[in-house]
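The values are calculated or read from the model by the stated rules, or taken from the named source; none is laboratory data. As the structure is a prediction and not an experimental result, all values here were calculated from the model. We place every Cβ from the backbone using ideal geometry, glycine too, and count neighbours over all the protein chains shown. Just so you know, the surface numbers come from the protein's heavy atoms only, side chains and all, with ligands and any DNA or RNA stripped out. Shrake-Rupley method; radii C 1.70, N 1.55, O 1.52, S 1.80 Å.
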Amino acid sequence: MATPIRVATWNIHQGVGLDGRYNLSRTAAVLREIDADLVALQEVDIGSGSRSGECQVDTLARFSGYHGLAGPTLKGGGAEFGNALLSRRPIHRIERLDLSVPGYEPRGALAGRTELAGVTWTAIVTHFGLKRREREEQAQRLLTWPVLRPAGPVVLAGDFNEWFPASPVAIRLALSFDAGEARRTFPSSWPAFPLDRIFVRRASIRKAVAHRTPLSREASDHLPLVADVVPAISLAEGTRG
């Protein structure tokens, strides 16, 4: 029987909580609460010249026991900002995709492969734009990315800034992936919108929940979304060592 892994996605708001305080130790504490095998993060300070003055990927990996991978989308003056992947196991075969649409904030997707529970997973983290036109173009570009072609289970997770289940973006992604159940994650104080999603291919989602604790509600304006994911049995049997 295939072994499930725990996947999480979270927009960490650069470690700034609802109280307006920067506290990356609090962010790391929430990650330890979740105890996921694979984590997709958005709005992460990456360069030492960023507002927080540290590479948050390295700090969170060190505090929470992960291997970290950064995917900056905004760069300048020594500061970098964007997406990140955290995994219990080393991440390899790294690829990046530019999803920027002219006239809007730069966006991107970050992919890596990691072996968890004896299965090689392709993990993708992204953060779509605020405008519908942006998101439609970003979804189209993402779905033609060659990183999706190899056999094996795929996790696509991130902040998609999409809350209508019948929108063109939501329908397009649901036709290409197992979408699982949408859970409201924004705003963290009183969740009303399912902006954050976990999609899988050649795998299934057993359950997805918004991680709602006193700490997670305070640590960011988004709640983390957490799912238990199981690879297709035939793939799991074929990739075990």
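Some notes on this structure:
- Meets criteria (out of contact with any strand residue (DSSP E or B) (no Cβ under 9 Å at 6 or more places or on another chain), over 22 Å from Ser204 (Cα atoms) and crowded, with 16+ Cβ neighbours inside 10 Å) for Glu80: no
- Residue match in the range 194-206 (condition: under 15 Å from the mean Cα position of the chain (by Cα) and aromatic (Phe, Trp, Tyr)): yes
- The condition of being in a helix (DSSP H, G or I), within 23 Å of Arg6 (Cα to Cα) and open to solvent by 20 Å² or more (accessible area, probe 1.4 Å) holds for only one of Ala151, Ala174, that being Ala174.
- Residue in the range 152-165 that is without any contact (Cβ under 8 Å) to a residue 24 or more places away in the chain, within 28 Å of Arg141 (Cα to Cα) and out of contact with any Pro (no Cβ under 7 Å at 6 or more places or on another chain) present: yes
- Considering the range 103-135, and only residues there that are closer than 13 Å to Ala70 by Cα and out of contact with any Lys or Arg (no Cβ under 8 Å at 6 or more places or on another chain), the residue that is surrounded by the fewest Cβ atoms within 10 Å (Cβ to Cβ) turns out to be Ile124.
- Scanning the range 158-171 for residues that are among the β-branched types (Val, Ile, Thr) and either open to solvent by 20 Å² or more (accessible area, probe 1.4 Å) or touching a strand residue (DSSP E or B) at 6+ places or on another chain (Cβ under 8 Å) (or both) returns a single hit, Ile171.
- Count of the range 210-241 residues, restricted to those that are at pLDDT 95 or above and surrounded by fewer than 16 Cβ atoms within 10 Å (Cβ to Cβ), is 4.
- Which numbered condition Glu181 misses (of (1) of a type in the set (Asp, Glu); (2) farther than 24 Å from Gly82 by Cβ; (3) crowded, with 18+ Cβ neighbours inside 10 Å): (3)
- Among the residues examined, Val7 qualifies as of a type in the set (Val, Ile, Thr), modelled with pLDDT of 95 or more and buried (at least 18 other Cβ atoms within 10 Å of the Cβ).
- Hits in the range 83-102 - residues which are in a strand (DSSP E or B) and surrounded by fewer than 23 Cβ atoms within 10 Å (Cβ to Cβ): Ile91, His92, Arg93, Ile94, Glu95, Arg96, Leu97, Asp98
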